[in-house]
Structures are given as structure tokens and as C-alpha cells.
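The values are calculated or read from the model by the stated rules, or taken from the named source; none is laboratory data. Since we're looking at a predicted model, the values are computed, not measured. Counting neighbours? That spans all protein chains shown, and the Cβs are built from the backbone with ideal geometry, glycine included. Protein only, heavy atoms only, side chains kept; ligands, DNA and RNA dropped before computing areas. Shrake-Rupley method; radii C 1.70, N 1.55, O 1.52, S 1.80 Å.
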Amino acid sequence: MNRINKTNNCSGVFTRLMLSLVILASLLILPKAQAAIGETFIKDQLKYTVYSEDKAAKTGTVSVEPESREILGDIVIPESVRNSEYIYSITIFPSSVFEGCSRLKSITIPSSITSISDNAFSECGNLVSITIPNRVVSIGNNAFGSCTRLTNITIPDSVTSIGWGAFSGCSSLTSIIVPGNVTSIKDGVFYACRSLTNVVISNNIISIGNRAFHECISLNSIIIPERVTSIGENAFDSCQSLTNITIPNSVTFIGEYAFQYCSSLNSITIPNSVTSIGGWTFTGCVSLASVTIPTSVTYIEGGAFSNCNSLTAVYFEGNAPNTGGAPFSTPAVIYYRPGTKGWTNPWCGRPATLWIEAPQIEEQPKSQAVLEGDSVTFTVSAEGTAPLNYQWYKDDVAIEGAISETYAIESVTAEDLGNYQVVVTNTEGKTVSNVAVLSLLQPPTIIVNPVSVTVDNGTNVVFTVEALNADSYQWYKDGTAISGATETTYSIEYVKGSDVGTYTAMAINRGGAEKSSPAALSLTQPYRATAELQMVNGFIVGITVTDCGWGYEFEPKVRIKDEFGEGAEAHCIVENGMVTAIILDNPGSGYSEETTVKVGSPFKYVGLKAEVKQIKLTLYLVLGETYQLEACTDLSTHDWKRIGEPFIADEEETEVVVEVLETGRYFRVHEVK
């Protein structure tokens with residue numbers, strides 16, 4: 001007995017031991033349910049680091065980076081990645097994430113990424129293509145620096161910030177569009193983009209940073225937006241292909257060296273908002289032949305235009321500015337406006353002299369056509385160094401005493417007609433104006449007449465006239481002026497019978513008027529007039545014509561119909577084929593709001609159609625007249641028998657059911673007097 005118990009005890013211990021080993025083994029071989037925050041996992045050459053997890057939803061977020069700097073080929077970063085039971089969104093690019101991945105050729109960034117970090121793709125020397133999603137709002141500092149094989153890149157409209165040096169050293173990049181939400185081009189953004197030829201900058205940009213386009217040697221043109229207030233140091237330094245640039249009036253600051261060594265620059269416009277020009281700003285611009293300094297500039301730093309070997313003329317609009325040394329070098333000559341102050345000869349080591357310009361006509365005298373007795377004045381506007389002298393000519397003969405900007409004739413006669421010019425002179429030269437012709441005003445000449453049309457009622461119609469020398473127009477219908485119809489066209493949106501008639505146009509000026517040929521408006525066929533009722537307490541008190549219809553050759557009947565009312569009578573007035581009025585003869589009584597009125601059709605005919613061995617007759621009647629339907633079997637006897645009682649035509653087309661008692665019957669309907 002004791003041996004049996006002992007054996008049972010040993011068996012139980014062994015069983016418990018085996019169970020423990022099984023549980024332990026299970027724990028050792030079970031996969032992890034999730035990675036801990038900060039832990040990593042690798043898939044398809046990419047390493048992911050867990051940043052957050054939601055255990056209930058089994059989701060989380062991760063950052064992404066290459067498994068190693070030797071990552072190669074075309075990489076597509078997914079929006080999400082599964083690891084065991086968890087699905088992680090890729091939301092973070094660490095700084096310098098793909099920096100120096102020299103074997104990387106293309107990469108697609110998922111839409112879950114909203115920010116491209118600093119140095120993210122810098123020195124990826126073989127990267128030729130990158131897709132940036134439309135949710136990215138910022139591109140970090142030096143993000144694509146020295147991606148030397150990147151030829152183009154699309155910056156999505158969602159981007160609001162581009163960091164300094166973001167595309168610096170992208171020597172194969174040929175064009176770029178800066179999106180509208182970006183307000184600043186920061187320092188060195190496009191530094192040394194040597195193949196860049198085309199840049200589109202949004203109108204929201206307010207500043208261009210230091211070295212922003214430094215050494216963009218292929219850039220040949222750029223439009224600086226009107227909101228830019230500052231251009232940084234070396235901003236366009238060594239842009240050797242840039243030929244001209246206009247600085248907008250919004251700019252108040254231009255940094256040192258801003259356009260240094262722009263060797264092809266031959267034209268520069270400095271706005272009147274700039275107050276100072278920094279040192280060496282335009283040094284080495286060897287193609288620049290002349291420059292105008294506005295009155296707003298009060299300080300120029302030394303060397304600002306040094307080594308500009310073709311700069312022969314510098315024009316100052318205002319007083320001599322303060323300087324920090326010699327701004328100009330050989331062969332520049334300084335020209336200053338008469339009356340300005342502070343000038344010496346030489347000035348800052350360069351010869352200086354008065355700026356005397358030959359006259360230039362800004363506004364030419366204009367030809368005029370007038371009536372005899374009119375007064376007339378010719379005017380010219382000219383610019384140039386004062387004093388300016390004027391001499392007016394008629395038919396190449398100088399007019400005595402006509403030596404001012406204007407020449408006036410108080411009362412024009414036939415002798416005054418001819419060609420007038422003015423010659424403007426000063427000590428530097430002269431200029432001759434265009435010829436202004438004084439002629440008599442002729443009446444207008446119509447060159448396009450309105451055209452006759454025939455249309456259905458309800459159609460849109462447009463009449464058109466064209467005339468030479470017309471100041472105004474007036475349209476007429478049947479000889480009566482149409483109020484407000486004073487343009488070259490006259491439109492009728494919905495043609496009615498009242499619009500039928502003859503139309504003409506008068507072209508008018510002070511010299512007279514000319515009348516167009518007539519254009520007839522007609523309708524293709526007659527149509528019914530319409531009317532509406534006015535009622536008070538069940539009585540008809542008036543009937544108004546809403547459309548007079550057209551084509552009436554008789555006075556149509558008026559049918560007033562209602563389930564309750566009775567006794568109302570009215571008759572039409574017809575003029576020129578139209579119902580012009582409906583006269584109420586009897587107001588009747590007891591009429592409801594459902595009462596209707598109908599005017600007879602302009603078609604007047606009476607007839608019927610019988611179908612053999614059928615009992616349906618279709619009657620064509622005159623609205624409101626009284627009729628009797630009759631039948632007979634022998635037309636020679638005229639023995640017509642009434643069928644039913646006399647009736648009043650409520651409609652102009654009526655169907656009547658008749659008992660056909662025998663064959664060979666003839667039917668007729670006639671008006672009961």
C-alpha cells in the first residue's frame with residue numbers, strides 16, 4: 001500500500017515538471033505582440049523605429065531611415081508598414097536620414113510625411129528623381145544639398161517654408177517653381193545651381209536671402225516680385241548669364257556683393273525706394289554701360305560699381321549722396337541734374353558734368369475734326385533738360401507767336417484746316433512731333449445696315465448697324481424713336497405681334513446724321529392673343545390684353561369660363577391685325593378664382609370630319625359662337641334633322657359623340673344666328 005502511494009506521488013511531481021517545461025518552451029517560441037517604443041525592425045532596405053503605439057487599435061507611428069548608407073536603386077517608402085499584429089504609419093524623417101546615400105537613384109515619399117528634415121537627402125550624388133507629396137509643409141536646411149544629378153523637382157503648393165541651402169549644389173537642376181505659400185527665399189537656397197535657367201518666384205515672396213542664387217551661372221532672367229523688400233548679400237553673385245533685372249519699388253535694401261560679377265548684365269533698374277547701395281554690389285558687371293541712380297539714394301558704399309569696365313555714364317536724379325569711398329572706377333562719367341546740390345568736378349575721383357538731355361515727346365498732339373466756329377487746342381508734352389523751347393507749324397510754315405506747349409484757335413475757319421506740328425528744342429538738340437490734322441467734321445457714314453428677318457413669335461431678334469465717325473445712335477420702329485435704344489445693336493428678347501414693323505437706325509455726330517436702310521420684322525404665321533381677368537367679389541371688372549397676338553382679320557370672340565359664374569360678356573378691338581383691347585360688356589356674377597379667359601384664334605374656318613361607321617365627329621369652330629349639329633340621308637331634299645340641342649363653342653376643336661343609326665348619313669354643323 002505504501003509503495004503504491006509513493007509511486008503516485010512521484011508520478012504527480014513528474015507531471016507538474018513536464019507541464020512547466022512545456023509552458024516555458026511556449027513562452028520562448030511565441031512571437032512578440034509588438035515592439036517597444038524606440039525599438040526597430042527592418043523591411044525592404046528600410047529600418048523603422050517605433051515612436052508611438054495604440055495597443056487597443058494595434059496601430060502606431062514610426063520613423064524611417066535606410067538600413068545602411070549602401071541602400072541602392074529606386075525606393076518607394078510606404079505610407080504604413082505591418083510588423084506582427086501592428087500597423088505603423090510612417091510619419092517622421094530624422095535629420096540627415098538619407099544623407100550620403102550615393103547609390104540611391106529615386107525615392108517616393110509617402111503622403112503621411114509632412115516635413116522633410118535638415119540634410120535629409122544631402123550628398124545623394126546619384127539621386128535623379130524624387131516625389132514630394134502634397135502634404136509636405138516644410139523642407140529643411142540643406143535638405144537636397146549637393147544632389148548633383150537631380151535635374152528637376154516639383155515643390156508642392158502645400159509647402160510654406162524652404163530652409164537655407166535646401167537645393168544648394170544641385171548642379172544639374174534646370175528649373176524650379178517656388179510655390180505661392182512660401183514668403184522668403186532663405187540664404188543659399190539655390191547656391192551653385194549651375195544649370196538653373198528658369199526660376200518662377202511667387203508674388204508672396206518678401207525677401208531674397210544672402211547667396212540665394214549665388215553662382216547660378218546659367219540663370220538668364222528672373223522677375224523679382226513686387227512685394228520683395230530686401231535683397232541679401234551676394235544674392236545674385238556671379239550669375240554670369242543674367243542680362244537685365246528690374247528691382248521693384250518695394251525694395252529698400254540691397255546687400256553688399258548682391259550682383260557682383262554678373263558679367264552679362266547690361267541693364268539694371270534701381271527703384272526710387274532704395275536709400276543705400278552697399279559695397280561691391282555691382283562690381284565686375286563688365287557689360288553694364290549706364291546706370292541711373294534715383295533721388296532716394298543718399299548713400300553709396302565704396303567699390304559699389306568698381307571694375308565695371310563698360311560703365312561710361314552714371315546719371316543721378318537727385319543730390320550728391322554720401323559715400324564710403326570711391327563707388328565708381330574708370331571710365332565712368334558722372335551726370336547730375338541741373339539744380340541738384342553737392343556736386344563737384346571731379347566727384348569721388350570721376351569727372352562730373354551737368355546732365356543735359358535732348359527733348360523727348362511724351363504725349364503727341366492729336367488730330368481733331370471740328371465744325372466751323374468751334375474752338376480747338378493742340379497740346380504737346382515733352383521731357384528734357386530745361387529750358388525747353390516750342391515752335392508750332394501749319395503745313396510746314398512756322399506760326400507766329402505759337403511758342404508754348406499749346407496752340408489754340410478760338411474760332412475755326414476753312415483757312416485753319418491743315419496739318420499741324422511742333423518742334424521742341426533745348427541746348428542739346430531738338431525733336432519734331434507727329435502731324436496732327438485739323439479737319440471739318442463730316443456726318444457719319446453707315447457701312448453695315450440692319451437686315452430684315454421673319455421669325456416665330458417668342459424668338460430672340462438682334463438688329464445691328466455700323467457707322468464711321470458716329471458719336472451716338474438712335475433706333476426707330478415705324479418712324480418712332482425707341483426709348484433707350486442708343487447702341488449699335490437693338491435686341492428684342494421675346495418677339496410678339498406688337499414688335500412687327502419696320503426698324504431703322506440713325507448714326508449721329510455733331511456734323512450731322514445718316515439713316516440706315518429699313519429692316520422689316522415679320523412673323524412666320526398668325527398666333528392667338530392672350531388676356532387676364534380682374535375680378536372683385538365674383539364680378540369681372542376688367543380684362544387686360546397680355547399679348548396682342550398677330551394676324552387677325554376679324555374680331556375674335558372672348559370666352560369666359562367658370563363652373564360657377566355666368567353672364568359675363570366682352571368683345572375685342574382689333575387694329576393692324578392685333579387685339580389691342582378687350583371691352584367688358586357685362587361683368588356677370590358669381591365667378592370663382594378658377595375663372596379663365598380665352599381669346600379666339602386668328603384662324604377663322606368652320607368644318608367637320610366624319611369617320612365612316614364611327615360615332616366620333618371632330619368639329620372646328622369659332623370660339624364663343626353658337627352652333628347646331630344636323631344630319632340627313634338625301635342631300636337633294638335638304639331634309640336636315642337636328643342632332644341634340646344648340647351649343648356654344650367653348651373650344652375651337654371639339655369632339656362630339658353621335659349615334660349612327662343608319663349608313664349613308666350626311667352631317668353638317670352651322671352657326672345659329
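What residue, among those in region 595-620 that are at pLDDT below 80, of a type in the set (A, V, I, L, M) and surrounded by 12 or more Cβ atoms within 10 Å (Cβ to Cβ), is nearest to the chain's Cα centre (by Cα)?
Here the answer is Val606.
Table: residues versus (1) among the basic types (Lys, Arg); (2) out of contact with any helix residue (DSSP H, G or I) (no Cβ under 8 Å at 6 or more places or on another chain); (3) modelled with pLDDT under 95.
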| residue | (1), (2), (3) |
| --- | --- |
| Gln364 | no, yes, no |
| Glu372 | no, no, yes |
| Glu383 | no, yes, yes |
| Glu415 | no, yes, no |
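All but one of (1) part of a strand (DSSP E or B); (2) in contact (Cβ under 8 Å) with a residue 60 or more places away in the chain; (3) open to solvent by 30 Å² or more (accessible area, probe 1.4 Å) hold for Leu438; state the number of the condition that does not hold.
It is condition (3) that Leu438 fails.
Return the residues of region 441-493 that are among the β-branched types (Val, Ile, Thr), more than 11 Å from Thr504 (Cβ to Cβ) and in a strand (DSSP E or B); say none if nothing qualifies. Don't jump to the end; show me each part of the working.
First, pick out the residues of region 441-493 that are among the β-branched types (Val, Ile, Thr): 445-448, 451, 453-455, 459, 461-462, 464-465, 480, 482, 486, 488-489, 492.
From what is left, the residues that are more than 11 Å from Thr504 (Cβ to Cβ) are 445, 447-448, 451, 453-455, 459, 461-462, 464, 486, 488-489, 492.
Those that are among the β-branched types (Val, Ile, Thr), more than 11 Å from Thr504 (Cβ to Cβ) and in a strand (DSSP E or B): Thr445, Ile447, Val448, Val453, Thr454, Val455, Val461, Val462, Thr464, Thr489, Ile492.
It is to be established whether one or more residues within region 102-116 are touching a Cys at 6+ places or on another chain (Cβ under 6 Å), outside any loop (DSSP other than H, G, I, E, B) and surrounded by 15 or more Cβ atoms within 10 Å (Cβ to Cβ).
Scanning region 102-116 turns up at least one residue that is touching a Cys at 6+ places or on another chain (Cβ under 6 Å), outside any loop (DSSP other than H, G, I, E, B) and surrounded by 15 or more Cβ atoms within 10 Å (Cβ to Cβ).
Could you list, in sequence order, all residues of region 284-302 that are of a type in the set (A, V, I, L, M, F, W, C) and not in a strand (DSSP E or B)? Don't jump to the end; show me each part of the working.
From region 284-302, those of a type in the set (A, V, I, L, M, F, W, C) are 285-286, 288-289, 291, 293, 297, 300; that's our starting set.
Within region 284-302, Cys285, Val286, Leu288, Ala289, Val297 qualify.
Val423 fails exactly one of the following numbered conditions: (1) surrounded by fewer than 16 Cβ atoms within 10 Å (Cβ to Cβ); (2) free of Cβ contacts under 8 Å to residues at least 60 places away in the same chain. What is the number of that condition?
Only one criterion is unmet by Val423, namely (1).
Out of Ile37, Ile42, report the one residue that is exposed (fewer than 15 other Cβ atoms within 10 Å of the Cβ) and not in a loop (DSSP other than H, G, I, E, B).
Criteria check complete, one pass: Ile42.
Output the residue which, of all residues in region 331-368 that are open to solvent by 40 Å² or more (accessible area, probe 1.4 Å) and of a type in the set (Val, Ile, Thr), is nearest to Gln421 (Cα to Cα).
That would be Ile356.
Restricting attention to region 73-86, which residues are surrounded by 13 or more Cβ atoms within 10 Å (Cβ to Cβ) and of a type in the set (Val, Ile, Thr)?
Ile75, Ile77, Val81
Report whether or not Ser138 is touching a strand residue (DSSP E or B) at 6+ places or on another chain (Cβ under 6 Å) and among the polar types (S, T, N, Q).
On the way: touching a strand residue (DSSP E or B) at 6+ places or on another chain (Cβ under 6 Å): yes; among the polar types (S, T, N, Q): yes.
The answer is yes for Ser138.
Restricting the first residue to region 58-70 and requiring it to be touching a residue at least 12 places away in the same chain (Cβ under 8 Å), which pairs with a second residue that is charged (D, E, K, R) and surrounded by 14 or more Cβ atoms within 10 Å (Cβ to Cβ) meet a Cβ separation below 6 Å and a spacing of at least six or different chains?
Short answer, once both residue conditions are applied: Gly60/Glu53; Glu65/Lys47; Glu67/Lys47.
Working only within region 393-420, note down all residues that are assigned to a helix (DSSP H, G or I) and open to solvent by less than 50 Å² (accessible area, probe 1.4 Å). If you could, list the steps in order and put the result at the bottom.
Looking only at region 393-420, we keep the residues that are assigned to a helix (DSSP H, G or I), and these are 414-416.
Answer for region 393-420, where residues must be assigned to a helix (DSSP H, G or I) and open to solvent by less than 50 Å² (accessible area, probe 1.4 Å): just Asp416.
Filter region 626-650 for residues that are outside any strand (DSSP E or B), at pLDDT 85 or above and under 24 Å from Glu566 (Cα atoms) and give the result.
none
Could you grab me the full set of residues in region 156-195 that are surrounded by fewer than 23 Cβ atoms within 10 Å (Cβ to Cβ), touching a Leu at 6+ places or on another chain (Cβ under 9 Å) and hydrophobic (A, V, I, L, M, F, W, C)?
Ile176
Looking at region 291-324, which of the residues that are of a type in the set (Val, Ile, Thr) and open to solvent by 20 Å² or more (accessible area, probe 1.4 Å) is farthest from Glu256 (Cα to Cα)?
Ranking the candidates gives Thr312 first.
Answer yes or no: is there a residue in region 239-257 that is in contact with a Phe, Trp or Tyr (Cβ under 7 Å, 6 or more places away or on another chain) and more than 30 Å from Arg149 (Cβ to Cβ).
yes
Would you please name the residue that is most open to solvent (accessible area, probe 1.4 Å), looking only at residues in region 48-72 that are of a type in the set (D, E, K, R) and more than 47 Å from the chain's Cα centre (by Cα)?
Lys55
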